[in-house]
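The next block holds one structure in the form of structure tokens; read it before the comments.
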Amino acid sequence: MGNDPIAAPAPLLPVLYEDNHLLAVIKPPGMLSQADETGEMDMVTLLKDDLKARYQKPGNVYVGLVHRLDRPVGGAMLFAKTSKAASRLSESVRSRSFDKLYVAVVHGSPAAAAGRLRHFLRKDAGRNIVTVHQKQVPDAKEAILNYAVVAKQGGLSLIAVKLLTGRSHQIRAQMAEIGCPLVYDRKYGAPAVQGEQDIALWSTSIGVAHPVTKEWLTIHALPPKTEPWSRFRDDDFIRARSILPLEGM
């Protein structure tokens, strides 16, 4: 019997990109981005455990959170593996040079095939919901996004969305405001269905300058082959990237 090396554990989540400075994975819908008072598993804790096991690190493992996804949202998410990378990526987020593309499936179709939505969102923390206003009201924050319809199927539309601001529940609330709630998003007016379902919102692409090499990095993740995503083709999701391209592409 030879002394074969022990294989490293498989990653706990699908890895989209990894080097010494960065780790991009697919966040499962329903998981917290970071720890909160519930004590339920979150992405940062899970990835620390993952890196510690995969690289057999004896001490603490650094994982820096640089952007968030709402709990019901899945898809591409980028983390820093060093404090220097975290600091530089956080600056990219602040300067809006950290680019993200989402896809969503909505009921109906917007009146315009493409456009910009601008509203003011006020969060009700107690109910964990935001209200949408056409004009500035006390405690409301401006919310702006660009969208484009990619495909239509059976009364539903696949849309591509780029956020110009990063507000809580922004895509969900703004699309509902124009009469196109996200599929399964009962909180914002989608029809009820039997059983628990993940809302149809997915982080499909991230683009950012690498914090160390400065080269433009693009990361892509296709949605799962489940309803309502399965109504659309992979080509539709890929085409969304060209309809609302990331910076640097």
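The values are calculated or read from the model by the stated rules, or taken from the named source; none is laboratory data. The model shown is predicted, which means the values in this text are computed figures rather than measured ones. We place every Cβ from the backbone using ideal geometry, glycine too, and count neighbours over all the protein chains shown. Each accessible area value is taken on the protein alone, full model and side chains, heavy atoms only, with ligands, DNA and RNA left out. Shrake-Rupley method; radii C 1.70, N 1.55, O 1.52, S 1.80 Å.
Each residue in the range 1-28 was checked for being open to solvent by less than 80 Å² (accessible area, probe 1.4 Å) and at pLDDT below 95, and 7 pass. Scan the range 134-154 for residues that are assigned to a strand (DSSP E or B) and more than 16 Å from ASP70 (Cβ to Cβ) and the total you get is 10. Residues in the range 162-202 that are surrounded by 20 or more Cβ atoms within 10 Å (Cβ to Cβ), in contact with a helix residue (DSSP H, G or I) (Cβ under 7 Å, 6 or more places away or on another chain) and either polar (S, T, N, Q) or over 22 Å from LEU32 (Cα atoms) (or both): ALA176, PRO181. Could you list, in sequence order, the residues of the range 105-133 that are under 27 Å from LYS152 (Cβ atoms) and part of a loop (DSSP other than H, G, I, E, B)? The answer is GLY108, SER109, PRO110, ALA111, ALA112, ALA113.
Those residues that are of a type in the set (Lys, Arg) and farther than 12 Å from LEU145 by Cα, I need them from the range 109-123; list them, please.
Correct list: ARG122, LYS123.
Any residue in the range 223-241 that is assigned to a loop (DSSP other than H, G, I, E, B) and within 16 Å of the chain's Cα centre (by Cα)? Within the range 223-241, one or more residues are assigned to a loop (DSSP other than H, G, I, E, B) and within 16 Å of the chain's Cα centre (by Cα).
Restricting the range 212-222 to residues that are in a loop (DSSP other than H, G, I, E, B) and among the β-branched types (Val, Ile, Thr) leaves a set whose member that is nearest to PHE79 (Cα to Cα) is VAL212. Would you check if GLU91 is of a type outside the set (Gly, Ala, Ser) and closer than 22 Å to GLU196 by Cβ? Considered against the rule, which asks whether it is of a type outside the set (Gly, Ala, Ser) and closer than 22 Å to GLU196 by Cβ, GLU91 comes out as no. Filtered by the rule that a residue be of a type in the set (Val, Ile, Thr) and either open to solvent by 50 Å² or more (accessible area, probe 1.4 Å) or outside any loop (DSSP other than H, G, I, E, B) (or both), the range 42-81 gives VAL44, THR45.
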